[in-house]
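Chemist: This is the structure I have questions about; it appears just below.
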Amino acid sequence: MIRLISIFVGLGFAGVALISLAFGAYAYATDEPVAHLPYKKPEKVDFSFNGPFGKWDYGQLQRGYKVYKEVCAACHGIKFVSFRDLADLGYTEAQVKAEAASWTVPGIDPDTGEATTRPGLPTDPFPEPYPNNVAAAAANNNAIPPDLSLMTKARNDGSNYVASLLAGYQDEPDPEVLAEFPEAAPGPGLYHNPYFKNLNLAMSPPIAIDDQVAYDDGTKATVRQMSEDVAAFLTWTAEPSLIKRKQTGWPVMIFLLFATVLAYLSKQQIWSAVKPKKD
(Lines give C-alpha, C1' and ligand atoms only; values in the text may rest on other atoms or scores of the structure.)
Protein backbone atom coordinates (compact mmCIF):
# COMPACT_ATOMS: atom_id res chain seq x y z
CA MET A 1 0.00 0.00 0.00
CA ILE A 2 2.79 2.42 0.91
CA ARG A 3 4.58 1.61 -2.32
CA LEU A 4 1.41 2.29 -4.32
CA ILE A 5 0.93 5.65 -2.61
CA SER A 6 4.56 6.54 -3.33
CA ILE A 7 4.05 5.76 -7.01
CA PHE A 8 0.99 8.01 -7.21
CA VAL A 9 2.79 10.83 -5.36
CA GLY A 10 5.72 10.54 -7.76
CA LEU A 11 3.41 10.57 -10.77
CA GLY A 12 1.74 13.68 -9.33
CA PHE A 13 5.02 15.53 -9.02
CA ALA A 14 6.02 14.43 -12.51
CA GLY A 15 2.68 15.64 -13.88
CA VAL A 16 3.06 19.05 -12.24
CA ALA A 17 6.58 19.35 -13.64
CA LEU A 18 5.39 18.48 -17.15
CA ILE A 19 2.53 20.98 -16.95
CA SER A 20 4.93 23.71 -15.76
CA LEU A 21 7.32 22.87 -18.59
CA ALA A 22 4.50 23.05 -21.13
CA PHE A 23 3.28 26.44 -19.88
CA GLY A 24 6.84 27.78 -19.79
CA ALA A 25 7.55 26.60 -23.33
CA TYR A 26 4.30 28.12 -24.58
CA ALA A 27 5.06 31.46 -22.92
CA TYR A 28 8.59 31.48 -24.33
CA ALA A 29 7.30 30.75 -27.83
CA THR A 30 4.48 33.30 -27.82
CA ASP A 31 5.72 36.23 -25.72
CA GLU A 32 7.34 39.06 -27.58
CA PRO A 33 10.98 39.69 -26.65
CA VAL A 34 11.54 42.55 -24.24
CA ALA A 35 13.67 45.35 -25.67
CA HIS A 36 16.37 46.22 -23.17
CA LEU A 37 17.60 49.76 -22.89
CA PRO A 38 20.89 50.12 -24.78
CA TYR A 39 23.29 50.78 -21.92
CA LYS A 40 27.02 50.78 -22.60
CA LYS A 41 29.51 48.27 -21.29
CA PRO A 42 32.23 49.73 -19.06
CA GLU A 43 35.34 51.04 -20.75
CA LYS A 44 38.51 49.12 -20.02
CA VAL A 45 40.96 50.94 -17.76
CA ASP A 46 44.61 49.94 -17.48
CA PHE A 47 44.67 49.62 -13.69
CA SER A 48 47.96 48.61 -12.09
CA PHE A 49 46.29 45.71 -10.28
CA ASN A 50 44.99 44.09 -13.47
CA GLY A 51 46.38 40.74 -14.58
CA PRO A 52 48.15 37.93 -12.73
CA PHE A 53 51.19 40.11 -11.97
CA GLY A 54 49.22 43.21 -10.92
CA LYS A 55 50.33 45.46 -8.08
CA TRP A 56 48.75 48.25 -6.08
CA ASP A 57 49.61 51.78 -7.18
CA TYR A 58 49.73 53.31 -3.71
CA GLY A 59 49.84 56.82 -5.10
CA GLN A 60 46.60 56.16 -6.96
CA LEU A 61 45.00 54.55 -3.90
CA GLN A 62 45.83 57.60 -1.79
CA ARG A 63 44.43 59.90 -4.45
CA GLY A 64 41.32 57.75 -4.64
CA TYR A 65 40.90 57.93 -0.89
CA LYS A 66 41.06 61.71 -1.07
CA VAL A 67 38.36 61.73 -3.77
CA TYR A 68 36.21 59.48 -1.61
CA LYS A 69 36.73 61.66 1.45
CA GLU A 70 36.05 64.98 -0.25
CA VAL A 71 33.37 63.91 -2.73
CA CYS A 72 31.77 60.54 -2.04
CA ALA A 73 31.73 60.41 1.77
CA ALA A 74 28.99 63.03 1.96
CA CYS A 75 26.48 60.39 0.80
CA HIS A 76 28.18 56.98 0.77
CA GLY A 77 29.77 55.06 3.61
CA ILE A 78 32.45 52.36 3.62
CA LYS A 79 31.37 50.64 6.82
CA PHE A 80 33.60 47.58 6.40
CA VAL A 81 36.80 49.67 6.44
CA SER A 82 38.50 51.03 9.56
CA PHE A 83 40.85 54.00 9.76
CA ARG A 84 43.74 51.73 10.74
CA ASP A 85 43.36 49.94 7.40
CA LEU A 86 44.73 53.08 5.75
CA ALA A 87 48.18 51.89 6.82
CA ASP A 88 47.92 49.42 3.94
CA LEU A 89 47.85 52.38 1.55
CA GLY A 90 51.29 53.54 2.63
CA TYR A 91 50.31 55.96 5.40
CA THR A 92 52.47 56.06 8.51
CA GLU A 93 51.06 55.41 11.99
CA ALA A 94 51.11 59.14 12.74
CA GLN A 95 49.31 59.91 9.48
CA VAL A 96 46.66 57.29 10.21
CA LYS A 97 46.03 58.80 13.66
CA ALA A 98 45.83 62.31 12.21
CA GLU A 99 43.52 61.14 9.42
CA ALA A 100 41.23 59.35 11.87
CA ALA A 101 41.09 62.45 14.09
CA SER A 102 39.99 64.56 11.11
CA TRP A 103 36.72 62.61 10.99
CA THR A 104 33.84 62.93 13.42
CA VAL A 105 32.38 59.65 14.68
CA PRO A 106 29.46 58.85 17.01
CA GLY A 107 30.36 58.50 20.69
CA ILE A 108 28.94 58.37 24.20
CA ASP A 109 29.42 61.08 26.80
CA PRO A 110 31.04 59.22 29.75
CA ASP A 111 29.49 61.63 32.26
CA THR A 112 25.87 61.65 31.04
CA GLY A 113 25.68 58.52 28.89
CA GLU A 114 24.09 60.54 26.10
CA ALA A 115 24.99 60.14 22.43
CA THR A 116 27.59 62.61 21.25
CA THR A 117 30.36 62.91 18.70
CA ARG A 118 34.12 62.76 18.99
CA PRO A 119 37.23 62.69 16.79
CA GLY A 120 37.86 59.31 15.24
CA LEU A 121 40.42 56.78 16.44
CA PRO A 122 42.41 54.37 14.24
CA THR A 123 40.28 51.49 15.54
CA ASP A 124 37.01 53.13 14.46
CA PRO A 125 35.28 52.14 11.23
CA PHE A 126 34.54 54.93 8.80
CA PRO A 127 31.35 56.68 9.96
CA GLU A 128 28.06 56.44 8.10
CA PRO A 129 26.94 59.71 6.48
CA TYR A 130 23.34 59.25 7.68
CA PRO A 131 21.98 57.86 10.96
CA ASN A 132 19.48 55.58 9.18
CA ASN A 133 17.86 54.82 5.82
CA VAL A 134 14.97 57.19 6.47
CA ALA A 135 17.33 60.14 6.80
CA ALA A 136 19.33 58.95 3.78
CA ALA A 137 16.22 58.74 1.60
CA ALA A 138 14.94 62.12 2.79
CA ALA A 139 18.20 63.78 1.79
CA ASN A 140 18.46 62.07 -1.61
CA ASN A 141 15.09 62.31 -3.35
CA ASN A 142 13.90 59.04 -1.75
CA ALA A 143 16.94 57.14 -3.07
CA ILE A 144 19.16 55.50 -0.46
CA PRO A 145 22.86 55.82 -1.39
CA PRO A 146 24.48 52.37 -1.19
CA ASP A 147 27.49 51.56 0.94
CA LEU A 148 30.60 51.48 -1.25
CA SER A 149 32.77 49.05 0.74
CA LEU A 150 32.07 46.13 -1.61
CA MET A 151 30.72 47.99 -4.62
CA THR A 152 33.35 46.83 -7.11
CA LYS A 153 32.67 43.23 -6.09
CA ALA A 154 28.89 43.68 -6.29
CA ARG A 155 28.96 44.92 -9.90
CA ASN A 156 30.11 43.03 -12.96
CA ASP A 157 33.54 44.31 -14.06
CA GLY A 158 33.29 46.52 -10.98
CA SER A 159 36.45 48.62 -11.21
CA ASN A 160 35.83 49.57 -14.84
CA TYR A 161 32.13 50.03 -14.13
CA VAL A 162 32.69 52.55 -11.33
CA ALA A 163 35.25 54.51 -13.34
CA SER A 164 33.03 54.59 -16.44
CA LEU A 165 29.89 55.48 -14.51
CA LEU A 166 31.46 58.41 -12.66
CA ALA A 167 32.98 59.88 -15.83
CA GLY A 168 30.10 59.00 -18.15
CA TYR A 169 27.27 61.37 -17.25
CA GLN A 170 25.52 63.09 -20.17
CA ASP A 171 23.05 65.95 -20.27
CA GLU A 172 20.63 63.85 -22.34
CA PRO A 173 20.59 60.57 -24.28
CA ASP A 174 21.92 60.33 -27.81
CA PRO A 175 19.23 61.36 -30.34
CA GLU A 176 19.24 57.89 -31.94
CA VAL A 177 18.66 56.22 -28.57
CA LEU A 178 15.97 58.70 -27.61
CA ALA A 179 14.15 58.20 -30.94
CA GLU A 180 14.00 54.42 -30.44
CA PHE A 181 13.56 54.43 -26.65
CA PRO A 182 11.58 57.49 -25.52
CA GLU A 183 11.63 56.07 -21.98
CA ALA A 184 15.40 56.72 -21.93
CA ALA A 185 14.72 60.42 -21.33
CA PRO A 186 15.59 61.28 -17.72
CA GLY A 187 12.57 62.08 -15.59
CA PRO A 188 12.34 64.62 -12.77
CA GLY A 189 15.18 64.25 -10.31
CA LEU A 190 17.07 61.78 -12.53
CA TYR A 191 20.36 62.09 -14.41
CA HIS A 192 21.31 60.35 -17.63
CA ASN A 193 24.24 57.94 -17.62
CA PRO A 194 24.67 55.44 -20.50
CA TYR A 195 26.66 53.05 -18.29
CA PHE A 196 23.77 52.57 -15.88
CA LYS A 197 21.37 49.77 -16.90
CA ASN A 198 18.30 51.99 -16.54
CA LEU A 199 20.18 54.82 -18.27
CA ASN A 200 19.00 57.24 -15.58
CA LEU A 201 19.81 57.34 -11.90
CA ALA A 202 19.02 59.53 -8.92
CA MET A 203 22.65 60.39 -8.15
CA SER A 204 23.73 63.68 -9.64
CA PRO A 205 27.23 63.74 -11.17
CA PRO A 206 29.47 63.63 -8.07
CA ILE A 207 32.61 64.41 -10.07
CA ALA A 208 31.56 67.22 -12.37
CA ILE A 209 34.57 69.43 -13.10
CA ASP A 210 38.34 69.16 -13.35
CA ASP A 211 40.38 70.06 -10.26
CA GLN A 212 37.41 69.35 -8.01
CA VAL A 213 39.98 67.74 -5.70
CA ALA A 214 43.50 69.09 -5.23
CA TYR A 215 45.96 66.19 -5.37
CA ASP A 216 48.96 66.39 -3.05
CA ASP A 217 51.30 64.70 -5.56
CA GLY A 218 50.63 67.22 -8.32
CA THR A 219 48.65 64.86 -10.54
CA LYS A 220 46.21 66.68 -12.83
CA ALA A 221 42.78 66.06 -11.32
CA THR A 222 40.68 65.61 -14.44
CA VAL A 223 37.21 64.08 -14.20
CA ARG A 224 38.53 60.88 -15.78
CA GLN A 225 41.56 60.75 -13.47
CA MET A 226 39.50 61.27 -10.33
CA SER A 227 36.99 58.64 -11.47
CA GLU A 228 39.71 56.06 -12.07
CA ASP A 229 41.46 56.87 -8.80
CA VAL A 230 38.36 56.44 -6.65
CA ALA A 231 37.51 53.26 -8.57
CA ALA A 232 40.96 51.89 -7.68
CA PHE A 233 40.43 52.86 -4.03
CA LEU A 234 37.05 51.10 -3.95
CA THR A 235 38.66 48.03 -5.50
CA TRP A 236 41.01 47.99 -2.52
CA THR A 237 38.16 48.45 0.00
CA ALA A 238 36.31 45.53 -1.59
CA GLU A 239 39.30 43.20 -1.70
CA PRO A 240 42.34 44.49 0.20
CA SER A 241 44.01 41.07 -0.10
CA LEU A 242 43.77 41.06 -3.92
CA ILE A 243 47.49 41.42 -4.58
CA LYS A 244 48.51 39.04 -1.78
CA ARG A 245 46.14 36.46 -3.23
CA LYS A 246 47.75 36.80 -6.64
CA GLN A 247 51.25 36.62 -5.16
CA THR A 248 50.29 33.51 -3.18
CA GLY A 249 48.74 31.87 -6.21
CA TRP A 250 51.99 31.57 -8.17
CA PRO A 251 53.92 29.53 -5.56
CA VAL A 252 50.86 27.32 -5.12
CA MET A 253 50.64 26.69 -8.86
CA ILE A 254 54.37 25.92 -9.05
CA PHE A 255 54.08 23.53 -6.09
CA LEU A 256 51.09 21.74 -7.65
CA LEU A 257 52.96 21.38 -10.93
CA PHE A 258 56.01 19.98 -9.13
CA ALA A 259 53.81 17.61 -7.07
CA THR A 260 52.10 16.39 -10.24
CA VAL A 261 55.42 15.62 -11.93
CA LEU A 262 56.69 13.93 -8.76
CA ALA A 263 53.53 11.82 -8.51
CA TYR A 264 53.86 10.75 -12.15
CA LEU A 265 57.51 9.76 -11.72
CA SER A 266 56.63 7.86 -8.54
CA LYS A 267 53.92 5.98 -10.37
CA GLN A 268 56.35 5.08 -13.13
CA GLN A 269 58.90 3.85 -10.58
CA ILE A 270 56.40 1.78 -8.57
CA TRP A 271 54.86 0.05 -11.56
CA SER A 272 58.03 -0.33 -13.60
CA ALA A 273 58.52 -3.94 -12.44
CA VAL A 274 55.01 -4.97 -13.40
CA LYS A 275 54.90 -6.28 -16.93
CA PRO A 276 51.60 -6.35 -18.82
CA LYS A 277 50.23 -9.79 -19.62
CA LYS A 278 50.35 -10.92 -23.20
CA ASP A 279 47.28 -12.35 -24.83
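Chemist: Quick one: which of 185, 138, 163 is more than 26 Å from residue 62 (Cα to Cα) and at pLDDT 90 or above? Give the steps one after another, and end with the answer.
Modeler: Numbers: 185 fails: at pLDDT 90 or above; 163 fails: more than 26 Å from residue 62 (Cα to Cα).
Result: 138 is the single residue among 185, 138, 163 that is more than 26 Å from residue 62 (Cα to Cα) and at pLDDT 90 or above.
Chemist: So which residues in region 61-102 are touching a Ser or Thr at 6+ places or on another chain (Cβ under 7 Å) and of a type outside the set (Val, Ile, Thr)? So that I can check it myself, show each step before the final result.
Modeler: So in region 61-102, the residues touching a Ser or Thr at 6+ places or on another chain (Cβ under 7 Å) come out as 63, 78-82, 84.
63, 79, 80, 82, 84 - these are the residues of region 61-102 that are touching a Ser or Thr at 6+ places or on another chain (Cβ under 7 Å) and of a type outside the set (Val, Ile, Thr).
Chemist: Given (1) modelled with pLDDT under 95; (2) touching a Pro at 6+ places or on another chain (Cβ under 6 Å); (3) within 29 Å of residue 219 (Cα to Cα), where does residue 105 come up short, assuming only one miss?
Modeler: That leaves (3) as the condition not met.
Chemist: Please work out which residue is surrounded by the fewest Cβ atoms within 10 Å (Cβ to Cβ), limiting yourself to region 155-194 and to residues that are touching a residue at least 40 places away in the same chain (Cβ under 8 Å) and small (Gly, Ala, Ser).
Modeler: Looking at residues that are touching a residue at least 40 places away in the same chain (Cβ under 8 Å) and small (Gly, Ala, Ser), I get 189.
Chemist: Looking for whichever is touching a Lys or Arg at 6+ places or on another chain (Cβ under 8 Å) and either buried (at least 17 other Cβ atoms within 10 Å of the Cβ) or in contact (Cβ under 8 Å) with a residue 24 or more places away in the chain (or both) here; the options are 104, 123. Which one fits?
Modeler: Numbers: 104 fails: either buried (at least 17 other Cβ atoms within 10 Å of the Cβ) or in contact (Cβ under 8 Å) with a residue 24 or more places away in the chain (or both).
Step by step, each of 104, 123 is checked, and only 123 is touching a Lys or Arg at 6+ places or on another chain (Cβ under 8 Å) and either buried (at least 17 other Cβ atoms within 10 Å of the Cβ) or in contact (Cβ under 8 Å) with a residue 24 or more places away in the chain (or both).
Chemist: Against the condition hydrophobic (A, V, I, L, M, F, W, C) and under 21 Å from the mean Cα position of the chain (by Cα), how does residue 136 come out, does it pass?
Modeler: yes
Chemist: Residues being out of contact with any Phe, Trp or Tyr (no Cβ under 9 Å at 6 or more places or on another chain), at pLDDT below 95 and basic (Lys, Arg): count how many of those fall in region 36-77.
Modeler: 0
Chemist: If you scan region 72-97, which residues turn out to be under 17 Å from residue 136 (Cβ atoms) and touching a residue at least 60 places away in the same chain (Cβ under 8 Å)?
Modeler: Residues satisfying the conditions are 72, 75, 76, 77, 78, 79.
Chemist: Okay, next question. With the requirement that a residue be surrounded by 10 or more Cβ atoms within 10 Å (Cβ to Cβ), more than 17 Å from residue 55 (Cβ to Cβ) and under 30 Å from the mean Cα position of the chain (by Cα), what does region 239-275 give you?
Modeler: 253
Chemist: Any residue at all in region 206-221 that is among the small types (Gly, Ala, Ser), within 14 Å of the chain's Cα centre (by Cα) and within 21 Å of residue 47 (Cβ to Cβ)? Show your work before the answer.
Modeler: Let us first name the residues in region 206-221 that are among the small types (Gly, Ala, Ser), namely 208, 214, 218, 221.
Among the residues that remain, those that are also within 14 Å of the chain's Cα centre (by Cα) are: none.
No, every residue in region 206-221 fails to be among the small types (Gly, Ala, Ser), within 14 Å of the chain's Cα centre (by Cα) and within 21 Å of residue 47 (Cβ to Cβ).
Chemist: Please note which helices (runs of 4 or more DSSP H) are completely contained in region 48-145 and include at least 1 residues that are over 21 Å from residue 234 (Cα atoms).
Modeler: Details: elements: 58-70, 93-101, 133-139.
It comes to 93-101, 133-139.
Chemist: Any residue in region 161-182 that is part of a loop (DSSP other than H, G, I, E, B), in contact with a strand residue (DSSP E or B) (Cβ under 9 Å, 6 or more places away or on another chain) and aromatic (Phe, Trp, Tyr)? Steps first, please.
Modeler: Our first condition is that a residue be part of a loop (DSSP other than H, G, I, E, B); within region 161-182, this holds for 168-169, 171-174, 181.
Applying the additional criterion that residues be in contact with a strand residue (DSSP E or B) (Cβ under 9 Å, 6 or more places away or on another chain) yields 169, 171-173.
Filter once more, keeping what is aromatic (Phe, Trp, Tyr): 169.
So far as region 161-182 goes, yes, one or more of its residues are part of a loop (DSSP other than H, G, I, E, B), in contact with a strand residue (DSSP E or B) (Cβ under 9 Å, 6 or more places away or on another chain) and aromatic (Phe, Trp, Tyr).
The values are calculated or read from the model by the stated rules, or taken from the named source; none is laboratory data. The model shown is predicted, which means the values in this text are computed figures rather than measured ones. As a convention, Cβ positions derive from the backbone with ideal geometry for all residues, glycine included, and neighbour counts pool all protein chains shown.
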